[in-house]
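Take a look at the structure below.
Any read-out appearing in this document is the output of simple, stated calculations on the displayed coordinates, not a laboratory observation. As the structure is a computational prediction, the values presented were derived from the model and not from experiment. Here Cβ is always computed from backbone atoms with ideal geometry, including for glycine, and neighbour counts include all displayed protein chains.
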Amino acid sequence: MIYPGRYKRDQELACNDPSNKKPTCTAKCDKRCPNQCIVLCPGCKTFCMCDFYPGVSCGDPRFTGGDGNNFYFHGKKDRDFCIVSDKNLHINAHFIGKRNPTMRRDFTWIQALGIRFADHRLYMGARKTAKWNNNIDRLQLTFDDTPIEIPTEMGAAWQSTAISGLTITRTATTNSVRVQLKGVFDIMAIVVPITAEDSRIHNYGVTEDDSLAHFDLGFKFHDLTNNVHGVLGQTYRTDYVNKLDVSSKMPIMGGAPKYVVSDIFATDCAVARFTGISMVTTRAY
């Protein structure tokens, strides 16, 4: 991950490919995402975070489904919704928002994730922040109710002593991590605010006491079944039929009551598939 917007000069990243003798290439962010982008080495391929791969959720949540189509799911502020539910994996999202009196709905953003697998619970959230400063880390992480502390250094990592293959790695010194469970999921998470300029353009109504810090997210799944459900999960099924108007400027997925859960770790949504079957190896102590 590189962040040219933080510096007076454009930041570049050099990629080496030890498998051949080609000269080192350098990568720069595309004009569409001048402030941050993902670089894949070798090859120096760059992607805007919100275009990285199917499974992305950004902004007022705009998802890219497993079928490659974009859609919006607005949910409701201060409520939790099932994003993915499968027999051995369940992911809920907590929505924050602002009410626009001229609209029938809330502006909403994803503030936290509650991830369940086997009998474990992983929480990742963006702390409420009044005045945003990207040099201050606003990530909150817990595993089975125990806080996770990771040094604020690029590449610093935490590895579970209970679950083989569960790691969290910083992709920037603050506010950006990659969460991986080997063979199950790979999640990119970046805490971002609603800027004054965003608020002015979209009429979000951001005030000085809350920058509405939230996540931009990228999901990659390795072992979903064809019975998976949830706002995003259903789009990975081979029999999924997209009934949204994909030519619309804002195709919206409705049916929010089907996805409501009672709390961030609950599996009581109407489309729940989670059984808690273990699909990871617990380490021996």
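For the reader, a short list of remarks on this structure follows.
- Normalised contact order of segment 50-261, rounded percent, pairs of Cα under 8 Å and 6 or more residues apart: 24
- Estimated from the Cβ-Cβ distance and a Förster radius of 25 angstrom, the FRET efficiency linking residue 133 and residue 25 is about 0.15.
- Shape analysis of segment 50-261 based on the Cα gyration tensor places the equivalent ellipsoid semi-axes at 25, 24, 14 Å, largest first.
- FRET efficiency for the residue 182 to residue 208 pair, using the beta carbon distance and R₀ = 35 Å, is estimated at 0.20.
- This ranking places 222, 120 by how few other beta-carbon atoms lie within 10 Å of each, fewest first, which gives 222, 120.
- Taking label positions 7 Å along the Cα-Cβ direction at both residue 223 and residue 270, the computed distance is 3.1 nm, reported to one decimal.
- Summed side-chain charge close to residue 129 - residues other than residue 129 whose Cβ falls under 9 Å, Lys, Arg +1, Asp, Glu -1: +3
- Translational diffusion of segment 204-272, µm² s⁻¹ [Kirkwood Rh, Cα pairs; Stokes-Einstein; 4 °C; 1.567 mPa s]: 86
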